[in-house]
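Okay, so here's the structure we're looking at.
The values are calculated or read from the model by the stated rules, or taken from the named source; none is laboratory data. Everything numeric here is computed off the predicted structure, so don't read it as measured data. Cβ coordinates were reconstructed from backbone atoms using ideal geometry, including for glycine residues, and neighbour counts include every protein chain displayed. These accessible areas exclude ligands, DNA and RNA; they are computed on the full protein's heavy atoms, side chains included. Shrake-Rupley method; radii C 1.70, N 1.55, O 1.52, S 1.80 Å.
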Amino acid sequence: MRPASLDLEDPLQRVEALLDIERLIYSYSQALDFGSPDAYVDLFLADAVVEIQSSFRNHLSLDAPIPYLEEGLASGGRRTENGIAFQGHVSLRQFAGGKNATVRGMHVVSQPIIVLTGPTTATAVSYMQVFAQTYGEAPRLTNFGRYLDRFALTAAGWKFAERVCEV
């Protein structure tokens, strides 16, 4: 049984929370690349948001295109000011299930920096690389960037409240 909230003064609870959140961050890639849409959706709060944004727009103020805009809209995403967003379990399930059956993908996450911001909240920043492989071809790096995450502690453990993917 998990506590309803974290005692930020308890070192053991802090370490356990950091490890649980790190596992959640890594579980995202496993579920998206090799799991089921249901396993993917289970990582999120019911009203959670995943938004894909352009790092070129956000940090260099360039009029760069939104990454995966057409594919995202076709998969049930909605256009936002900064990118394409998927909100709620129905939309996230559609996003996770919209894979090309002839292309294998792998999301590699590294260097997560996790901050416990309250008894039931946390944030993290981590780097990501996305590799794709079409059957019979060599894998190739298709994108890289970072994740900006917000988490919430629930009775079932830590869940994503928001994941912004800057590519």
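Assorted remarks:
- Share of Cα-Cα pairs in the chain lying beyond 27 Å, as whole percent: 26 percent
- FRET efficiency estimate (nearest 0.05) - Cβ-Cβ, ASP38 to GLU137, R0 35 angstrom: 0.75
- Based on alpha-carbon atoms, the Kirkwood radius and the radius of gyration of segment 113-167 give Rg/Rh equal to 1.18.
- Segment TYR26..ALA152, full-extension length gain: 43.7 nm, with 0.36 nm per residue of separation and the alpha-carbon distance subtracted.
- Relative contact order %, segment 65-157, counting alpha carbon pairs below 8 Å whose residues are six or more apart: 19 percent
- Of every Cα-Cα pair in segment 1-43, the percent that sits beyond 12 Å: 64 percent
- Heavy atoms of the protein chains alone define the surface here; on that basis segment 13-167 has 54 Å² accessible area per residue at 1.4 Å probe size.
- Our note on the geometry: Cα centres of segment 126-156 and segment 7-36, 16 Å apart.
- The chain: angle of helix 11-34 to the longest principal axis, Cα-based, in degrees nearest 10: 20 degrees
- Here each label is just a point 7 Å from Cα along the line to Cβ, and for LEU69 and THR102 those points are 2.7 nm apart.
- Table column - 3J(HN,Hα) (Hz), segment 115-132, Karplus curve with 6.51, -1.76, 1.60, x for Gly and Pro: 10, 7, 9, x, x, 9, 9, 7, 10, 7, 10, 8, 8, 9, 10, 10, 10, 10
- For VAL115, the solvent-accessible surface computed with a 1.4 Å probe is close to 70 Å², ligands and nucleic acids excluded.
- Hydrodynamic radius by Kirkwood, which averages 1/r over all alpha carbon pairs of segment 1-95, in angstrom: 15.4 Å
- In order along segment 134-143, the phi-based Karplus estimate (6.51 cos²θ - 1.76 cosθ + 1.60, θ = phi - 60°) of 3J(HN,Hα) comes to 8, 3, x, 10, 6, x, 9, 6, 9, 6 Hz; Gly and Pro are listed as x.
- Fluctuation leader among GLY136, GLY35, GLY77 - the chain, Gaussian network, Cα springs under 10 angstrom: GLY136
- Potential extension, THR120-LEU60 segment - 0.36 nm per residue separation minus Cα distance: 18.2 nm
- Sequentially through segment 63-74, phi angles give Karplus couplings (6.51, -1.76, 1.60; θ = phi - 60°) of 7, 7, x, 6, x, 6, 4, 4, 5, x, 5, 5 Hz, Gly and Pro residues having no value and appearing as x.
- This model, with +1 at the C-beta of Lys and Arg and -1 at the C-beta of Asp and Glu, gives the chain a dipole about its Cα centre of some 320 debye.
- Only protein heavy atoms count here; on that basis, with a 1.4 Å probe, VAL108 has an accessible area of about 60 Å².
- Per-residue extension of 0.36 nm, minus the Cα-Cα distance of ILE113 and ARG79, leaves a gain of 9.4 nm for this segment.
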